[in-house]
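No value in this document is a laboratory result; all are computed from the given coordinates. Everything numeric here is computed off the predicted structure, so don't read it as measured data. Don't worry about glycine lacking a Cβ; one is built from the backbone with ideal geometry, like all the others, and counts go over all protein chains shown.
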Amino acid sequence: MATDGIDLVLRFRRAVEEDLSAVDGLLASEVEWVLPAPVGTLRGIDAVREFFAPSEGAGYDHLDVTEQRGELEDLGAGRVAATNRIIWRWKETG
């Protein structure tokens, strides 16, 4: 059974995949989303939404990105953890 925190993460993932505008109702306006360098910390819902927006036409025709999502773990106090992997492959040919 999903906890409130895990349910929120699942709803956020669905919003990112299906309707990015739905993240507005899931995040606090003062959200700070910490990402590894070189991105750093995203501040505010607009910055998070922009980060997750599709980047069609951004010149990345040769970039293949896949994600492996880890099991969600409820840490209590509204915290949820997962170890995820994002794999970036640059393909020059075929």
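Before moving on, here are some points about what is shown:
- Sequence of V34, V48 once ranked by neighbouring C-beta atoms within 10 Å, starting from the fewest: V34, V48
- Loop-located trypsin sites (Lys or Arg not before Pro) in the chain (DSSP state not H, G, I, E or B) with no more than 13 neighbouring Cβ atoms inside 10 Å: R69, K91.
- Among the GluC sites (Glu not before Pro) in segment 1-42, those located in a DSSP loop and surrounded by at most 11 other Cβ atoms within 10 Å of their own Cβ are E30.
- Volume per residue of the convex hull around the Cα atoms, evaluated for the chain, comes out as 135 Å³.
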